[in-house]
1. Check A69 against each of (1) open to solvent by 70 Å² or more (accessible area, probe 1.4 Å); (2) closer than 19 Å to R154 by Cα; (3) among the aliphatic types (A, V, I, L, M) and name the one condition it does not meet.
2. Which residue pairs have Cβ atoms under 9 Å apart, sit 6 or more places apart or on different chains, and have a first residue in the range 220-243 that is among the basic types (K, R) and a second that is part of a loop (DSSP other than H, G, I, E, B) and open to solvent by 90 Å² or more (accessible area, probe 1.4 Å)?
3. In the set D253, D273, D277, which member is among the acidic types (D, E), in a helix (DSSP H, G or I) and within 30 Å of W164 (Cβ to Cβ)?
4. Does the range 7-24 contain at least one residue that is within 20 Å of V80 (Cα to Cα), of a type in the set (G, A, S) and over 22 Å from the mean Cα position of the chain (by Cα)?
5. Within the range 208-215, is even one residue open to solvent by 60 Å² or more (accessible area, probe 1.4 Å), within 24 Å of L135 (Cβ to Cβ) and touching a residue at least 12 places away in the same chain (Cβ under 8 Å)?
6. When residues of the range 1-17 are filtered for being farther than 20 Å from P78 by Cβ and either open to solvent by less than 10 Å² (accessible area, probe 1.4 Å) or outside any strand (DSSP E or B) (or both), how many remain?
7. Of the conditions (1) assigned to a helix (DSSP H, G or I); (2) open to solvent by 20 Å² or more (accessible area, probe 1.4 Å); (3) of a type outside the set (F, W, Y), G128 fails just one. Which one is it?
8. For the subset of the range 160-205 comprising residues that are in contact with a helix residue (DSSP H, G or I) (Cβ under 8 Å, 6 or more places away or on another chain) and charged (D, E, K, R), which member is modelled with the lowest pLDDT?
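The values are calculated or read from the model by the stated rules, or taken from the named source; none is laboratory data. Being a predicted model, the structure only gives us computed values, none of them experimental. Here Cβ is always computed from backbone atoms with ideal geometry, including for glycine, and neighbour counts include all displayed protein chains. Accessible surface is based on the protein model in full, side chains and every heavy atom, while ligands, DNA and RNA are left aside. Shrake-Rupley method; radii C 1.70, N 1.55, O 1.52, S 1.80 Å.
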Amino acid sequence: MNAHFTFIVLTYNEEMHLPRLLASIAGLQARTFIVDSGSTDNTIAIAEQNGALVTHHAFVNHPLQWDFALKNLPVSTPWVICLDADQIVTPELYRQLEDFRDENYLDVNGIYFNRKNIFKGKWLKYGGYYPFYLLKMVRYGIGFSDTHENMDHRLVVPGKTLIWKNGHIIEENLKENNISFWIAKHNRYSDLLAIEEVERIKNLRKQTIKPVFWGSPDERTAWLKYRWWKMPRYTRPMLYFIYRTIFKLGILDGRTGMIFHFMQGYWFRMVVDIKIDELLKQQRQHEKHQEEN
């Protein structure tokens, strides 16, 4: 059994994706934990057939699910690699992990992998979607889940991090080939994001990661998100869509790519802004009702 790292994977009805992921890491001989949130398909059977250890935990949101996983699983290695079920490890990343030895990274607490995002069979090379670095490998007991986020799930580590630019994971949710699934999923996400932003407006939620434009990939993201929250609602989705398609060359992703950039960069953001205003209006009405009584 690999003495240097352990895999953790979150699942819910992932019989379509899990075999692909487990096959991509099988030869690494690393213990794999599956944290399942109530699958009703063959996910559990597939996990157990491949030697993975299954734990069940009710799902609230991704940050809290990762928080549970990092605090409660019996991990015995110095590192954990946290993957989504719809991701796979590419051969070049596999080779880097195969050669990984903890003693060569004693001053490092986290490693970013480079993600390739696939939508409807199309690799999104532009629009700010590649390169795209995700902190997926963290030193166990030091890395933690950012629970100040309601939807975006990111791991956080203090201290030094590295970026494996050629260490790719491929992310392709085959369920999203059905646009109705994509819309329903992002409608749920828009609820979470709207609630989160309203709480930020009221100073009930803060950023865990320090916003630094020239910092780590996550520090840069925190900087950009801080600016986003300050921008006027209803205007920012259009500005973001133009930024992605023109300035970040998203138009070069072709018709399929433009569908994605419009839906994810404009439609989704606009729905969030509408729901923010609905929530703020509901709260004002509730406060007015309380004052009257």
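1. (1)
2. R220/W214
3. It is D253.
4. Within the range 7-24 (the criterion being within 20 Å of V80 (Cα to Cα), of a type in the set (G, A, S) and over 22 Å from the mean Cα position of the chain (by Cα)), the answer is no, since none of the residues qualifies.
5. Yes, the conditions are met somewhere in the range 208-215.
6. Of the residues in the range 1-17, 7 are farther than 20 Å from P78 by Cβ and either open to solvent by less than 10 Å² (accessible area, probe 1.4 Å) or outside any strand (DSSP E or B) (or both).
7. The single condition G128 does not satisfy is (1).
8. Going through the qualifying residues, I end up with R205.
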